[in-house]
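What follows is a set of notes on a single structure, which appears directly below.
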């Protein structure tokens, strides 16, 4: 799906890709200095990353249909990209819900929670690597004139 000739999924993925790693940074800062402003900021970053992540997944699903029809050789890579990033957004959705249950008295992250977030962000990078492959190698969502 496109707006003004630009693929919506590709425009949207930049938000969770930026917001979720920043959430990890702010959570880590809060863990070490116990400043509640970083805890609140991390919650808002996580919430925005999750919401925009799900919107990106919806538009990515529409793009997946186009890949299936127009570039079947890219289908396995697209499924891997979409599967990994859907798992990432699902994990972050669960984490956001856990924090939301305590809102406005948010709980600082434990070491285990920070490790989960580090691993989830690593998977986000891996999933986005495969997404970049779709654009650069398979020319998905690239208009050739």
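Summary table
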| quantity | calculated |
| --- | --- |
| Filtered residues of the range 119-130 (kept if surrounded by 14 or more Cβ atoms within 10 Å (Cβ to Cβ) and either modelled with pLDDT under 95 or over 12 Å from the mean Cα position of the chain (by Cα) (or both)) | 130 |
| Residue within the range 134-145 that is at pLDDT 95 or above and under 21 Å from the mean Cα position of the chain (by Cα) present | no |
| Selection within the range 1-12 - modelled with pLDDT of 95 or more and buried (at least 20 other Cβ atoms within 10 Å of the Cβ) | none |
| Test for residue 42: is it at pLDDT 95 or above and touching a helix residue (DSSP H, G or I) at 6+ places or on another chain (Cβ under 8 Å) | yes |
| Selection within the range 11-28 - in a helix (DSSP H, G or I) and in contact (Cβ under 8 Å) with a residue 60 or more places away in the chain | 16, 17, 20, 21, 23, 24, 27, 28 |
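The values are calculated or read from the model by the stated rules, or taken from the named source; none is laboratory data. Keep in mind that this is a model prediction, so the values were computed, not measured. We place every Cβ from the backbone using ideal geometry, glycine too, and count neighbours over all the protein chains shown.
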